[in-house]
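Participant: Got a structure for you, written out below as structure tokens; questions coming shortly.
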Amino acid sequence: MNAMTPKSGLFLGGCCITAIAAVGSVFELASGQPDLGNLNTAVILAISIPATVLLFVAAVRNANSE
């Protein structure tokens, strides 16, 4: 069993934050009137989805390598 390293923890923390941003953006866009505007909210969503995946993969790879 691999132990989680501090670096993996940081990656997972970033993954959680970006996942929350993605879910929040979806709800904001679904409401019809996002607080930050349609364009800004869509940009946040477009950035946060791949960032979530990349940070999760980085956390898993880091934990497996150590």
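The values are calculated or read from the model by the stated rules, or taken from the named source; none is laboratory data. Note that the structure is predicted; figures quoted are calculated from it, not measured. FYI the Cβ positions are ideal-geometry reconstructions off the backbone, even for glycines, and counts take in every protein chain you see. These accessible areas exclude ligands, DNA and RNA; they are computed on the full protein's heavy atoms, side chains included. Shrake-Rupley method; radii C 1.70, N 1.55, O 1.52, S 1.80 Å.
Participant: Between a first residue in region 23-38 that is part of a loop (DSSP other than H, G, I, E, B) and a second residue that is of a type in the set (A, V, I, L, M) and open to solvent by 60 Å² or more (accessible area, probe 1.4 Å), which pairs have beta carbons less than 8 Å apart while being 6 or more apart in sequence or on different chains?
Facilitator: LEU36/ILE44
Participant: Of all residues in region 48-66, which are touching a residue at least 24 places away in the same chain (Cβ under 8 Å) and either in a loop (DSSP other than H, G, I, E, B) or open to solvent by 80 Å² or more (accessible area, probe 1.4 Å) (or both)?
Facilitator: Once the filter is applied, which keeps residues that are touching a residue at least 24 places away in the same chain (Cβ under 8 Å) and either in a loop (DSSP other than H, G, I, E, B) or open to solvent by 80 Å² or more (accessible area, probe 1.4 Å) (or both), region 48-66 yields ILE49, PHE56, ASN64, GLU66.
Participant: Across region 3-21, which residue is farthest from ALA59 (Cα to Cα) among those that are open to solvent by 40 Å² or more (accessible area, probe 1.4 Å) and at pLDDT 95 or above?
Facilitator: Looking at the filtered set, the residue picked out is ILE20.
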